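Read the figures in this text as sums done on the coordinates, not as results from a lab. Computed from a prediction, not measured in an experiment: that's the story for all the values here. Heads up, the Cβs are rebuilt from the backbone with ideal geometry, glycines too, and the neighbour counts pull from every protein chain shown.
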């Protein structure tokens, strides 16, 4: 973290952003990571600039956590057309995808890089938000609605730390922010547009492997404060189900522990350090199971908990 | 030829020093670094792992040790302890050794 930061992406003109992406790369700070991005893909620069406009620029020539690139390739299969190829430090970790999905490919690629390479952190598969100086973690499997819930909470004044990674240095119980655009999928896009009509979304990208995807721009304040850690207080395991009656039920710590490690990327790889960090996390928290169908009701319930517990 | 008596089966837990425990009330979470697996166990299972099976024991001796101080020494109790030990064996936390 010695790189020089002089400005934010939004300070650059669209032309400057494109020149850097196509030239020696555009360095951005995302939480504890400095990422150098190169891209020469159609329809990527403008939405990227818009969604990342609050992020600090890290000047090229510094040491980066990783170098990622996106480039156009023409292919005959599976269908003749233009595809986008994602690479990290020169390696291509997965197949090329249709070029109109470039923004989603970038976001998924960055997730992959963090999950596979940043093993110095304990990584929980959890959204993390902060209110009243304390962190709420929402550990859950994909498809449980945690991105939608975190986007809604962020819209209602919670500080977003992440919608995907609960990041901790082993031996500590404060989450590191790594705020990123939040990918809404399918019906969630309409749900969030109804919940927050002024919501700023990236392009709607249909027919991805996860269906239709659109990214919510993270709140400016969450990005500006991405250096501020938040000590844990609530571990809430969310489950969205149609027609579900709202319920926020406290669960025993041991159950919280088991649910947490079920939703960790690298807990078992960290051995004793992972176990002790999760134990300390559980000891510093209250654990709950949240069942809901109404986003409004869930946001109100969780916010009420935070305000009564630590207001 | 006279039939040999069946060998006595004993059970022994993974050394407690090789496991990590965290206790909340009656619930105990056990982490086995060698396998990378975490298990949620009850009080009797934790007692078997930490104390009773620290040395090789037969099922009857283990059941007696678990029931020490209580009246639960009937056949049904021994069957329950046998099932618990076998489950711990499946999890790689207890091993079967020749007596």
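In chain A, helical runs assigned H by DSSP with n ≥ 4 each contribute -39500 (n - 2.57); averaged across all residues and rounded to the nearest 500, the mean residue ellipticity at 222 nm is -9000 deg cm²/dmol.
The label-point distance for residue A:210 and residue A:156, in a model that sets each label 7 Å from Cα toward Cβ, rounds to 2.3 nm.
Is the shape of segment A:1-127 rounded, prolate or oblate, going by the alpha carbon gyration tensor and its root eigenvalues a ≥ b ≥ c, with a/c under 1.5 for rounded and a/b larger than b/c for prolate? The shape class here is oblate. Using C-alpha pairs under 8 Å with a sequence gap of at least 6, the mean separation divided by the residue count of segment A:122-171 gives a relative contact order of 52 percent. Averaging the sequence gap over all C-alpha pairs within less than 8 Å and six or more residues apart, then dividing by the number of residues, gives segment A:5-106 a relative contact order of 26 percent. Cβ crowding within 10 Å, taken as a proxy for footprinting-reagent exposure, orders B:79, A:212 from fewest neighbours to most as B:79, A:212. GNM remark for chain A: springs join alpha carbons under 10 Å apart, and the peak mean-square fluctuation among A:146, A:38, A:301 falls on A:301. Of A:66, A:120, A:19, A:287, the sequence from fewest to most neighbouring Cβ atoms within 10 angstrom is A:120, A:19, A:66, A:287. Once R0 is set to 25 Å, what does the formula 1/(1 + (r/R0)^6) return for the Cβ-Cβ distance between residue B:18 and residue B:87, expressed as a FRET efficiency to the nearest 0.05? E between residue B:18 and residue B:87, to the nearest 0.05, is 0.85. For segment B:10-92, the convex hull spanned by the alpha carbon atoms encloses 88 Å³ per residue. When the P(r) is computed for segment A:122-308, the part past 26 Å accounts for 26% of the Cα-Cα pairs. Net length available on complete extension from residue A:116 to residue A:293 is 60.4 nm, with 0.36 nm assigned per residue and the Cα-Cα distance removed. For the pair residue A:269 and residue A:141, a Förster radius of 22 Å applied to the C-beta separation gives a FRET efficiency near 0.70, rounded to the nearest 0.05. Measure nothing fancy, just the Cα-based angle from helix A:146-155's long axis to the longest principal axis of chain A, in degrees from 0 to 90, nearest 10. Here the helix axis deviates by roughly 90 degrees. When the alpha-carbon atoms of segment A:136-214 are used, the pair Rg, Dmax equals 13.4, 42 angstrom. Normalising by residue count, the protein assembly as shown has a Cα convex hull of 207 Å³ per residue. Summarising the label geometry, the points placed 7 Å from Cα in the beta-carbon direction at residue A:76 and residue B:95 lie 5.7 nm from one another.
Let me check against my output: what whole-number percent is the relative contact order of segment A:122-308, with C-alpha pairs under 8 Å and at least 6 apart?
28
Size descriptors for segment A:168-275, from the alpha-carbon set: Rg then Dmax equal 17.3, 46 Å.
Among A:228, A:243, A:16, determine the one that fluctuates most according to a GNM of chain A built with springs between C-alpha atoms less than 10 Å apart. The residue that fluctuates most here is A:243. Please work out the C-alpha center-to-center distance from segment A:106-181 to segment A:221-250 and express it in whole Å. A separation of 10 Å, based on Cα centres.
Fewest Cβ neighbours within 10 Å first, please rank A:7, A:293 accordingly.
Ordered by Cβ neighbours within 10 Å, fewest first: A:7, A:293.
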